[in-house]
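Visitor: Encoded as structure tokens, here's the structure I'll be asking about.
Bear in mind that the values in this text are calculations on the coordinates, not laboratory data. What you see is a predicted model, and the numbers here were worked out from it, not measured in a lab. For neighbour counting, all protein chains shown are included, and Cβ atoms are generated from backbone atoms with ideal geometry for every residue, glycine included.
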Amino acid sequence: MINTSIKILLFFLIAPISLLGQNNCQIIDEDGRGIPYVNVYLPSESSGVLSDENGHFTFPDGGLSDATEVVFSCLNFKVLTTTVAAGKSSATSCSFALEQENYELAAIEVTASTPEYSSKWLGVPAPRFYSRRGYNLGGSGSERAVLIENKKKGRLDRISVFVSNVTVDSFNVEVNIYDFKDGVAGGKLQKERIFVTIAESDNNEAYEILVKDLNLYVTGSFLVSVTMLNVLDGGVAMLESVVKKKHEGFEHRMDGRWVIASDAPCISALVSYPK
């Protein structure tokens, strides 16, 4: 048996290591409100976490110090590169504030008459049968995208994501649209974050997201990505994907790199072109 003095010694040896993983940290805006689903990346660990819907997150256990660099990134806010110590308010809590970033809106052409449009679905269509192969990384912050090949200027009206094998009541997904030129992903095309809630009743269906009111115009190929935001606690919520070589899939790492994925999410986009 271990005597009492040894138990106490073991506790003090273990406690400083585990406290870091129990930090009650939050990412806030300039008004003190929590910012949901922010990427928290640790370059020294080549890994990161995602804040929850209230901006709370926990640093991983072990290997970190007050001098450890941490990078926060989120649409509509400036990227913040700082250290763990910079946000510490106590031994077990911390707070980091992000500064809002202003966008210049694209010019809108006003005409005397309403133009007529013809619409076309582009991207990866819904599968004819369910392979049960797909993206099931809820709460990890992993962002998966598909290349939408487009050759002329058009208005983005709808996005469709095929959902399969759902065993939870509902889960939240963030959708992003990126510019894509010369084989390289660029900046985001939308000015606001796009969140959707997918329910178990949407299982084995193409879930459509209306984006027409956002006035998003594409002039060439672009990426559409999905990020599953909820921690599923053992449940399954799968976004179907395909492995056909004609469809190119990508993964957006938390360090900002885009890498080619072995499969492509079943995501398609409805683009309308002026006649």
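Visitor: So which aspartates and glutamates pass the test for K153, namely a Cα distance under 20 Å, with those fewer than 8 places away in the same chain ruled out?
Guide: List returned: E104, E109, E116, D179, D182, D213.
Visitor: Hey, another quick one. Once both labels are modelled 7 Å past Cα along the beta-carbon direction, what's the D233-Q100 spacing in nm?
Guide: Distance between label points: 3.4 nm.
Visitor: If you count, for each residue, the other Cβ atoms within 10 Å and average over each peptide, how do 169-177, 236-244, 183-191 line up from highest to lowest? Show your work: numbers first, answer last.
Guide: Details: 169-177: 18.1, 236-244: 20.0, 183-191: 13.8.
Packing order, densest peptide first, comes out as 236-244, 169-177, 183-191.
Visitor: Check the straight Cα-Cα distances from K245 and name the aspartates and glutamates below 18 Å, setting aside those fewer than 8 residues away within the same chain.
Guide: Filter leaves E149, D263.
Visitor: Sticking with this structure for a sec: Provide the packing ranking of 158-168, 198-208, i.e. peptides ordered by the mean count of other C-beta atoms within 10 Å per residue, highest first. Walk me through the intermediate numbers first.
Guide: Working: 158-168: 20.3, 198-208: 15.4.
Result, highest mean first: 158-168, 198-208.
Visitor: What's the extension gain from K246 to E149 if we count 0.36 nm per residue and subtract their Cα-Cα distance? Numbers along the way, then the final one.
Guide: Values: separation 97, 0.36 × 97 = 34.92 nm, distance 1.07 nm.
Gain in length upon complete extension: 33.8 nm.
Visitor: Take the residue pairs K151/K244; K120/K188; K191/K246; K152/K275; K152/K244 and return only those whose Cα atoms are more than 19 Å apart.
Guide: K151/K244; K120/K188; K191/K246; K152/K244
Visitor: With no solvent and one point per C-alpha, what does the Debye sum give as log10 I(q)/I(0) for the range 14-97 at q = 0.14, 0.16, 0.17 Å⁻¹?
Guide: -0.41, -0.54, -0.61
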